[in-house]
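The values are calculated or read from the model by the stated rules, or taken from the named source; none is laboratory data. On a predicted model such as this, the values are computed, not experimentally measured, just so you know. Cβ placement follows ideal geometry from the backbone for every residue including glycine, while neighbour counts extend to all protein chains displayed. Side chains included, ligands, DNA and RNA excluded: accessible areas come from the protein's heavy atoms. Shrake-Rupley method; radii C 1.70, N 1.55, O 1.52, S 1.80 Å.
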Amino acid sequence: MTDFTLTGLTAGMIEQLCAIENVSFSDPWSGQAFEDAIESTYLAYYVILCGDVVAGYIGIARVLDEAEIVNIAVSPDFRRRGIGRALLEKSMESYVSAGVSRFDLEVRESNYAARTLYEALGFEYIGRRRRFYTRPPEDALLMCRTFTKTSDFDG
């Protein structure tokens with residue numbers, strides 16, 4: 001993954017995030033939701049840039065020592081290059097160093113690519129939310145990864 005830079009979300013990137021969001025999700029977040037995230041004290045977004053092009057992004061909500069991955073997507077032009085994995089690994093490493101001991105997320109049951117990545121990074125299934133997604137209706141699988149100390153992080 002050379003020539004890629006991880007950085008925080010800025011207002012100038014929101015249009016690109018919305019474009020990725022719209023092709024990645026059946027119920028995409030609005031530009032306003034991303035603008036609100038920039039101002040949030042508990043929600044942070046990070047992007048991977050290739051030059052000035054947003055290749056992917058991740059949103060993480062943190063409360064005390066727990067974090068939830070609320071959103072992650074990679075542009076179709078940059079998929080299958082390890083960007084999703086890099087977003088997750090770099091974010092988790094940073095948050096674990098800052099005292100987070102647990103990461104949670106929800107994933108569509110049919111999203112096998114995402115589920116495979118999460119499993120490879122040590123996430124385990126902990127539950128199901130029936131008909132959580134509405135377009136189309138589908139269950140969400142709940143996944144979690146816990147850390148007992150910073151040295152537990154191994155990617």
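Remarks
- Qualifying residue in the stretch 60-68 (condition: touching a Ser or Thr at 6+ places or on another chain (Cβ under 6 Å) and in a loop (DSSP other than H, G, I, E, B)): yes
- Single match in I58, I38 (criterion: over 25 Å from E138 (Cβ atoms) and touching a residue at least 12 places away in the same chain (Cβ under 8 Å)): I38
- G51 being out of contact with any helix residue (DSSP H, G or I) (no Cβ under 6 Å at 6 or more places or on another chain) and either of a type outside the set (A, V, I, L, M) or at positive phi (or both): yes
- Qualifying residue in the stretch 127-150 (condition: closer than 18 Å to R85 by Cα and small (G, A, S)): no
Condition check ((1) at pLDDT 90 or above; (2) hydroxyl-bearing (S, T, Y); (3) touching a Leu at 6+ places or on another chain (Cβ under 7 Å)) across all residues:
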{"residue": "T5", "(1), (2), (3)": "no, yes, yes"}
{"residue": "V53", "(1), (2), (3)": "yes, no, no"}
{"residue": "I58", "(1), (2), (3)": "yes, no, yes"}
{"residue": "D77", "(1), (2), (3)": "yes, no, no"}
{"residue": "R81", "(1), (2), (3)": "yes, no, no"}
{"residue": "M92", "(1), (2), (3)": "yes, no, no"}
{"residue": "T116", "(1), (2), (3)": "yes, yes, no"}
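- For the condition within 29 Å of T134 (Cα to Cα), at pLDDT below 95, open to solvent by 30 Å² or more (accessible area, probe 1.4 Å) and among the charged types (D, E, K, R), D65 does not qualify.
- Of the residues making up the stretch 4-28, those that are part of a loop (DSSP other than H, G, I, E, B), loosely packed, with under 13 Cβ neighbours inside 10 Å and in contact with a Phe, Trp or Tyr (Cβ under 8 Å, 6 or more places away or on another chain) number 2.
- Residue count for the stretch 29-54, restricted to those that are open to solvent by less than 50 Å² (accessible area, probe 1.4 Å) and either in contact with a Cys (Cβ under 8 Å, 6 or more places away or on another chain) or in a strand (DSSP E or B) (or both): 10.
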